[in-house]
Amino acid sequence: MKIVHVTDIHLVPQPATLYGLDPCARFDAAIVSIHADHSDADLMVITGDLAHWGEVPAYQALRQRIDLLKVPVVMMVGNHDDRASLRTVFPEAMDDGNGFVQSSRIEGGHRLVFLDTKQEGSHAGAYCQTRLTWLAEELAQSNEPILMFMHHPPILTGISSMDAITQQDADALWQVLQPHSHRIRHIFLGHVHRPISGNWHGISFSLIPGLNHQVPLELSPHGEDIPGSHEPPAYSVVSINADSVVVHLNYFLEESRRFPLDGYEIKGRDYALGFPAE
Ligand SMILES: [Fe+2]
């Protein structure tokens, strides 16, 4: 199974820009790249923060683009999203029966679980008892290996301003996941706008950059004021294999030089040593 993971697109309708960048243009460029190189993907998942201010016109801008996608897509919500506005434009958006934008389904021999971690009125994530009960029932349905998708990370990254708005009830979430942990193969995350990987209770995760603005690597305590940056955007291309999960970041706007690395065995040492400057 091949999955394209996109996160934190933060759309605002053109001609507006956001932190000096055009999120619609960024999303368009990502789609061009995905269509050119990864149109064979089984699924594209956007792990939340679809619209920066959760406004209907931003979701309409998203709708125009989603309707042209050649890859099946799942759209999740993040702290910046508004469920009612999303449903106004996307009446087919996920619904768990309790109004939360979440679902799970079997695909490629896996249970794919898409969580709604938004906490109303806060940028921090939370997963209330209603959602925990839903999740426990979903996971109890069958025994396939599990792939999880969440907006808020259940871990602390060391970036103090983002840790202040991370998943607040990760321990309660873990209590529900723990009986199934042996079959959870990977967790896909957004929210922090940085490339971060590691594991949580031994389960691997990948957190990837957003498509518009980023959060720089600031590990010294800086309170709750979130630093921003114009580091490059990326999406990830994921291979779900029988014995591995492989996550490639694709910095799709990157235009630096491409050249063959042929060693001196082929072209001679002078090829590498005498490489002309750009
Ligand atoms: Fe975000």
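Take the conditions in a loop (DSSP other than H, G, I, E, B) and more than 18 Å from the chain's Cα centre (by Cα) and apply them to PRO221. Does it pass?
It is true that PRO221 is in a loop (DSSP other than H, G, I, E, B) and more than 18 Å from the chain's Cα centre (by Cα).
Given the conditions (1) part of a loop (DSSP other than H, G, I, E, B); (2) surrounded by fewer than 17 Cβ atoms within 10 Å (Cβ to Cβ), which single one is not true for MET94?
Exception for MET94: condition (2).
For the stretch 37-67, name all the residues that are farther than 24 Å from THR166 by Cα and in a loop (DSSP other than H, G, I, E, B).
Scanning the stretch 37-67 gives HIS38, SER39, ASP40, ALA41, ASP42, ASP67.
Out of the residues in the stretch 68-91 that are part of a loop (DSSP other than H, G, I, E, B) and among the β-branched types (Val, Ile, Thr), which is farthest from the ligand (Cβ to nearest atom)?
Ranking the candidates gives VAL71 first.
Among the numbered criteria (1) in contact with a Pro (Cβ under 7 Å, 6 or more places away or on another chain); (2) over 17 Å from VAL4 (Cβ atoms); (3) touching a residue at least 24 places away in the same chain (Cβ under 8 Å), which one does GLN168 miss?
Condition (1) is where GLN168 drops out.
Which of the residues that make up the stretch 168-214 are in a strand (DSSP E or B), over 10 Å from the mean Cα position of the chain (by Cα) and within 16 Å of the ligand (Cβ to nearest atom)?
Those that are in a strand (DSSP E or B), over 10 Å from the mean Cα position of the chain (by Cα) and within 16 Å of the ligand (Cβ to nearest atom): ILE196, GLN214.
Being within 19 Å of SER236 (Cβ to Cβ), in contact with a helix residue (DSSP H, G or I) (Cβ under 6 Å, 6 or more places away or on another chain), outside any strand (DSSP E or B) and of a type in the set (A, V, I, L, M) narrows it down to one residue among ILE9, ILE34; which is it?
ILE9
Read-outs: derived from the displayed coordinates by stated rules, not from any lab. Predicted model only: the values in this text are computed from it and were never measured. No Cβ is skipped: glycine too gets one built from the backbone with ideal geometry, and neighbour counts run over all protein chains shown.
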